[in-house]
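First the structure, in the form of structure tokens, and then the observations on it.
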Amino acid sequence: DTGVSQDPRHKITKRGQNVTFRCDPISEHNRLYWYRQTLGQGPEFLTYFQNEAQLEKSRLLSDRFSAERPKGSFSTLEIQRTEQGDSAMYLCASSSTGGRQPQHFGDGTRLSIL
Amino acid sequence: AQTVTQSQPEMSVQEAETVTLSCTYDTSESDYYLFWYKQPPSRQMILVIRQEAYKQQNATENRFSVNFQKAAKSFSLKISDSQLGDAAMYFCAYRSALSGGSNYKLTFGKGTLLTVNP
């Protein structure tokens, strides 16, 4: 169990650019979640995958955001035409099936928009 | 929609002393899960303790225990014999026990920053 891995740890980009983050879940976990955490706030849910299927998307996930999980393994989160308000920590978590199974979090990707 | 409230933005405790962090939540559901997560500065969020709502017995994990009051919708975390390594942001989180879709998401409070003084 190597834990949830996220890449990159930090991303600095200019407004208007596209960015892509990667998450590698714990290998036997079939559920994967993305959250966004802004300064002074708790994480907020963005989207959820079970295997390769994206089953839920928050209203926070505007049309500029897209997430994929090909083959039910790693996941990517892409933000197109970044805006200042996208600056945040993007957290990935995974869990196995079963109601009481906890979500295990990665270190997150901190996005800064110049 | 469920909400989670942590009314203490910051707390401090002396090393070896006991501290209690507060959390209240609002839900119309009868079955759910509650969690406390710890997020050290610039480090990974890790699970501290969890509680199933159908269980009356309060969960305990070593120095960490909870006081779960279902009727009052209260879920406080007690840290005994505080250690310097306990210093972190602590988040209370709620998850529905229902299956499907957004029920699997965690709803977090804003967090409580715990400082441990030597």
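The values are calculated or read from the model by the stated rules, or taken from the named source; none is laboratory data. What you are looking at is a predicted structure, and each value in this text was computed from that prediction instead of being measured. A quick note on method: Cβ atoms are made from the backbone with ideal geometry, for glycine too, and the neighbour counts reach across all protein chains shown.
Scan the range A:27-37 for residues that are modelled with pLDDT of 95 or more and either more than 9 Å from chain B (Cβ to nearest Cβ) or farther than 13 Å from A:GLY108 by Cα (or both) and the total you get is 3.
Checking each residue in the range B:51-64 for being within 11 Å of another protein chain (Cβ to nearest Cβ) and modelled with pLDDT of 95 or more picks out only B:GLN51. Remark: B:ASN67 matches the filter, which requires a residue to be of a type outside the set (Asp, Glu), part of a strand (DSSP E or B) and away from chain A (no Cβ under 14 Å). Scanning the range B:24-39 for residues that are part of a loop (DSSP other than H, G, I, E, B) and within 11 Å of chain A (Cβ to nearest Cβ) returns a single hit, B:ASP31. Within the range B:91-100, restricting attention to residues that are touching a Phe, Trp or Tyr at 6+ places or on another chain (Cβ under 9 Å) and not in a strand (DSSP E or B), the residue that is nearest to the other protein chains (Cβ to nearest Cβ) is B:ALA97. Taking first residues from the range B:82-100 that are surrounded by 15 or more Cβ atoms within 10 Å (Cβ to Cβ) and partners that are in a helix (DSSP H, G or I), the Cβ contacts under 9 Å between residues at least 6 apart in sequence or on separate chains come to B:ARG95/B:ASN103; B:ARG95/B:TYR104; B:SER96/B:SER102; B:SER96/B:ASN103; B:SER96/B:TYR104; B:ALA97/B:ASN103. Against the list (1) under 29 Å from B:ALA1 (Cα atoms); (2) away from chain B (no Cβ under 14 Å), the condition A:GLU44 fails is (2). Among residues of the range B:101-118 being more than 8 Å from every other protein chain (Cβ to nearest Cβ) and in contact with an Asp or Glu (Cβ under 6 Å, 6 or more places away or on another chain), the one that is surrounded by the most Cβ atoms within 10 Å (Cβ to Cβ) is B:VAL116.
May I ask you to verify whether B:ARG50 is within 15 Å of B:VAL4 (Cβ to Cβ) and either outside any strand (DSSP E or B) or under 14 Å from the mean Cα position of the chain (by Cα) (or both)? Can you show your working first?
Working: within 15 Å of B:VAL4 (Cβ to Cβ): yes; either outside any strand (DSSP E or B) or under 14 Å from the mean Cα position of the chain (by Cα) (or both): yes.
Spelling it out, B:ARG50 is indeed within 15 Å of B:VAL4 (Cβ to Cβ) and either outside any strand (DSSP E or B) or under 14 Å from the mean Cα position of the chain (by Cα) (or both).
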